[in-house]
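Step one of this worksheet: look at the structure below.
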Amino acid sequence: MASCFCFGRRRPIIACFVPFLLPLLLLVAFLASASALAASVTTTKLGSTGNATRRVPFSSEEELRGFRSIAARLARLRGASIKTIQARAHSFLCHGDSKCSDHHRSPDGDVIDCVPAHLQPAFEHPKLRGQKPESEPAERPRSSSGRFSDADRGEDDDPLPQVWRRSGESCPEGTVPVRRTTEDDVLRASSSATRFGMKARAGGFGSGSGSGSARRDSTGSGHEHAVGYVTGGQFYGAKASLNVWPAQVASPAEFSLSQIWVISGAFGHDLNTIEAGWQVSPQLYGDNSPRFFTYWTDDAYQETGCYNLHCSGFVQTSSRVVIGAAISPISSYAGRQFDITLLIWKDPRRGHWWLQLGSGSSGGGLVGYWPSALFTHLGSRADMVQFGGEVVNARPAGAPHTPTQMGSGRFPPEGYARAAYFRNVQLVDWDNSLVPAAGLRLLADRPGCYDIAGGSGGAWGTYFYYGGPGRNARCP
């Protein structure tokens, strides 16, 4: 056996180095433990019977820094609130982070912060710092008759009925209502804290990948569409009415949405999109309610953009609409139908892309705008517009298809009060006029799972029915 002289005695080599190795091994173990501790955070969840705490590990220091940055931003937003409408076991009215008094609530459990308009998340964007919300545009898109459609009159009394307003409370003038996001929401909704509120990166965007992504004429990546689209022109906005359904989503990793996409740029590279509609997303919102949402990106869902107000960018001007809040009432099978009217258009004077709910010209339905400075291609116009539904099928290849529903969960031939629809599908042209979506092409990735069928004429103008149940005899 090999040996050495150690402290004046001959010993085996291993024994000679043990006194030196042991402290070194302890130091390595300590550093590893410290690193693991550093890449974790303790969250506290408030409950009616006490507070529960848990330690959440992160895969890297970068993830931890990202989470802490988001947590700090959420804290700033809460601190800026001058009134909070929230639901607990009792009802509360809160002012900032102070104690609450028992008399105001949001029935769906959402917490709504009334934030001064100039302190909303949009103005943390480098291109928007120091700004305030701009005044509403001087003119809205005109219909071909020079007025708004008779089919949509009367919607402006409440262009988007939402659950939170059942409390009878509202935000004061000069503030915007913001759905509160918690640290638990961040941890639940994203595998990466640095990408909270963002859609999945488009690994093969030309194949329709990217969560909630705009679609090309091909399938893949588990994202399945049934859409109508126009392309090959110059577009300055879009409008449609779509009914809202409680689509059943089978897994937290999946979602179902119905929306308008306004698109420009190259798929997979520098795609610009503006998006709005309704969606059911348990992962993002923590429940199965259909909720009003917005989205934008300037680089094909890579590093820019987000849902709702989860990042800086979209400027909200409405004190009545909460982006991300539940919609109610909603449509029922063979029962009453409830739809919302969305209008997205580019203001010809200042160039911003505005979002309006309803069809009236009074301005009551204005939600806010995407500043033109956020975009490259959409800074001038869109070259594609898309309407319809999308579902994520998170099942692995070869497994049975997801039963997540699109729209009502029924196929188009069932028709009105049974299938989901888009009606009065229109485009905004170069003259700021609303025109029928002539040449609308209809396309379903997997017609046996989710299909689409349309027509034109009458009070509905250009329309289509779309959706389906997912897994069924034609979609195993």
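The values are calculated or read from the model by the stated rules, or taken from the named source; none is laboratory data. Worth saying up front: this structure is predicted, and the values here are computed from it rather than measured. Note that we place each Cβ from the backbone using ideal geometry, even for glycine, and neighbour counts take in every protein chain shown. Note: accessible area is taken over every heavy atom of the protein model, side chains too, but ligands, DNA and RNA are not part of it. Shrake-Rupley method; radii C 1.70, N 1.55, O 1.52, S 1.80 Å.
Using the Cβ-Cβ distance between S456 and E173 with R0 set to 35 Å, the FRET efficiency works out to roughly 0.25. Fully extending the segment from D299 to Q234 would add 21.4 nm, taking 0.36 nm per residue of separation and subtracting the current Cα-Cα distance.
For the range 329-462, give the percent of accessible area contributed by carbon and sulfur heavy atoms, probe 1.4 Å, rounded to a whole number. Mind showing how you got there, number by number?
Details: 2550 of 4940 Å².
It is 52 percent, rounded to a whole number.
Here the mean projected area of the convex hull built on the C-alpha positions of the range 343-476 is 10.6 nm². Between E136 and R76, the simple spin-label model (points 7 angstrom out along Cα→Cβ) gives 3.0 nm. Here's how it looks for S170: its modeled amide H is under 5 Å from none belonging to a residue 5 or more places away or on a different chain. For the range 317-344, backbone nitrogen atoms closer than 18 Å to the point 7 Å from E414 Cα along Cα-to-C-beta are found at 330-339.
For the pair A253 and A399 in one chain, pulling the backbone fully straight at 0.36 nm per residue adds 51.0 nm over the alpha carbon distance.
Rounded to whole Å, give me the distance from the Cα center of the range 425-476 to that of the range 115-142. A separation of 33 Å, based on Cα centres.
What does the accessible area per residue of the range 240-286 come to in Å², with a 1.4 Å probe and no ligands, DNA or RNA counted?
Details: 980 Å² over 47 residues.
Solvent-accessible surface per residue comes out at 21 Å².
Protein-only accessible surface at a 1.4 angstrom probe places the residues T462, T402 in the order T462, T402, largest first. For the residues R395, R65, a 1.4 Å probe over the protein chains yields an accessible-area ranking, largest first, of R65, R395.
Once the piece of chain linking D158 and D270 is laid out straight, how much longer is it, given 0.36 nm per residue of separation minus the C-alpha distance between them? Walk me through the numbers before you get to the answer.
Working: separation 112, 0.36 × 112 = 40.32 nm, distance 3.69 nm.
Here the answer is 36.6 nm.
Accessible surface area normalised per residue over the range 293-387 is 27 Å², counting heavy atoms of protein chains with a 1.4 Å rolling probe.
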